[in-house]
1. For region B:77-122, take the alpha-carbon Rg, divide it by the Kirkwood Rh, and send me Rg/Rh.
2. Can you give the FRET efficiency for residue B:125 and residue B:55, using 1/(1 + (r/R0)^6), R0 = 45 Å, r = Cβ-Cβ distance, to the nearest 0.05?
3. Enter the mean projected area of the convex hull around the alpha-carbon atoms of the protein assembly as shown, in nm², rounded to one decimal.
4. From other protein chains only, count the Cβ atoms within 10 Å of every residue's Cβ in B:117-129, then give the mean.
5. With each label point set 7 Å from Cα along the Cα-Cβ vector, what nm distance links residue B:246 and residue B:132?
6. Go ahead and run the numbers for FRET between residue A:73 and residue B:185, Cβ-Cβ distance against an R0 of 51 Å, rounding to 0.05.
7. What three numbers, in Å, describe the spread of the alpha carbons of chain B along their principal axes, ordered from the longest?
8. Taking 37 °C and 0.692 mPa s as the conditions, I'd like the Stokes-Einstein D for region A:198-254 in µm²/s, using the Kirkwood hydrodynamic radius from alpha carbon pairs.
């Protein structure tokens with residue numbers, strides 16, 4: 001305190017006063033990189049190192065296993081059903097929430113996040129309680145010979161639950177930031193509702209939609225806990241890629257497990273790449289528009305809450 | 001925002017009924033009704049049954065591990081996450097943008113993949129496990145392994161909540177502190193840190209909440225020994241596999257109550273954060 005006023009602020013000293021000494025600087029960078037290296041890059045490297053441990057041919061052979069192919073097909077099928085449904089839900093929810101004022105709006109926004117607060121195991125459990133053989137609708141389903149639990153419909157339902165907020169969470173802040181002026185102009189000029197949506201709204205949110213879809217797809221394909229509870233682990237029938245990874249790993253078939261895991265890892269990396277691209281696009285758009293028109297970093301802001309779950 | 005303009009516009013745009021109707025129907029069918037079924041199922045249990053199901057010794061041991069490891073994981077993330085956020089915002093170094101993008105990896109990587117990758121690294125013959133073995137430190141198949149997995153999956157939260165606050169921080173207040181004679185360390189602890197607290201607390205709570213329900217990455221590295229390395233979500237699965245639906249439901253309700261309490265806390269924290277730091281441009 002006593003030495004407080006001894007500093008004489010000379011112009012070239014000002015930036016120095018708000019920076020750390022270089023030792024501290026490099027120490028902090030070192031800590032951060034060591035932490036990230038240990039927790040991010042090492043596991044990433046481990047996936048590929050283990051997958052290729054016995055060489056490329058052993059790696060490729062893992063995909064000739066009919067069970068692995070069935071698992072990949074089931075995962076693709078699940079994503080093909082889940083992603084479009086959640087996309088429609090996301091757009092509808094964002095349209096209602098971002099473009100209109102109504103009572104209970106903040107409650108609805110909080111509710112949409114609900115699946116993130118639920119453990120994936122519980123997301124599976126609730127469908128077992130509803131549709132399982134000893135569940136509420138179990139006897140009725142059994143009498144009509146409809147299988148949901150330990151079958152594909154259960155896997156789809158559990159995945160729907162887990163990934164349902166993803167597109168909505170991406171679009172709500174984006175559409176709120178864009179306001180309603182452009183749509184109003186279109187309507188006043190005589191456009192129909194759908195015309196307004198496809199020609200005015202959609203071009204504005206296309207990058208957000210794209211990222212939401214990619215994110216939803218990645219999470220749908222990578223879901224493990226919820227799917228594990230409802231699948232029944234029937235090889236070739238109800239095994240998704242992640243469940244197949246688990247089975248192979250538990251059988252000590254490490255190359256096979258990590259080979260399938262490497263596909264999922266590539267998917268994760270593509271998702272991160274898409275996120276970076278979308279952020280870059282939105283930032284460019286906002287600078288083109290001359291500043292604060294669009295939200296500067298909508299993806300970064302929503303991401304932490306958006307990808308919870310399993 | 002001008003309230004008058006808002007209330008006029010709501011009648012101009014079409015599609016509110018359709019969008020809202022679809023949203024509510026879909027959400028009720030996929031989320032609310034199934035969750036309601038869970039709560040309804042517990043009302044069928046007597047209080048005594050419920051209580052003995054959720055306080056059995058094996059269950060209590062799983063709470064201790066789940067909550068304890070989640071807490072430690074979130075704490076590690078609070079410390080290192082703030083350092084990572086600080087370094088990413090303030091310093092320039094090679095590959096910074098790539099590293100920044102990679103912080104979200106735990107969001108995108110399937111948890112089962114993370115689980116087997118971490119296990120292979122920390123097993124006694126793994127890259128790190130091998131180095132730790134001479135010191136007789138075991139990570140995989142011990143509570144330490146659970147902490148490692150939960151640290152991994154919670155890693156992005158603190159970074160991503162603290163980072164935007166640091167970016168928005170006015171350089172002027174730091175300059176003011178410095179020109180008033182504060183040492184750099186004083187500026188950091190008395191000027192910058194107080195601004196970060198709400199974001200840091202939110203990030204911590206998010207990481208903690210996420211870790212509580214985590215299943216995929218933990219089951220591989222934990223070893224799953226009853227009373228020792230069994231997390232509560234796994235116990236739910238085990239009960240379900242034994243067709244003990246009531247027991248599984250009781251545990252699920254306990255976990256749900258814990259996560260909803262956290263969700264509420266996070267909402268309050270975010271409100272606190274936005275009151276301290278009004279969003280720019282509003």
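Every read-out reported here was derived from the displayed coordinates using simple, explicitly stated rules and does not represent laboratory data. Because the structure is predicted, anything quoted here is derived from the model rather than measured. Backbone-built Cβ (ideal geometry, glycine too); neighbour counts: all protein chains shown.
1. Expressed as Rg/Rh, it is 1.06.
2. 0.70
3. Projected over every direction and averaged, the Cα hull of the protein assembly as shown covers 31.4 nm².
4. Partner-chain Cβ atoms within 10 Å, mean over residues of B:117-129: 4.
5. 4.1 nm
6. 0.30
7. That works out to 67, 65, 33 Å along the principal axes.
8. After rounding, the answer is 242 µm²/s.
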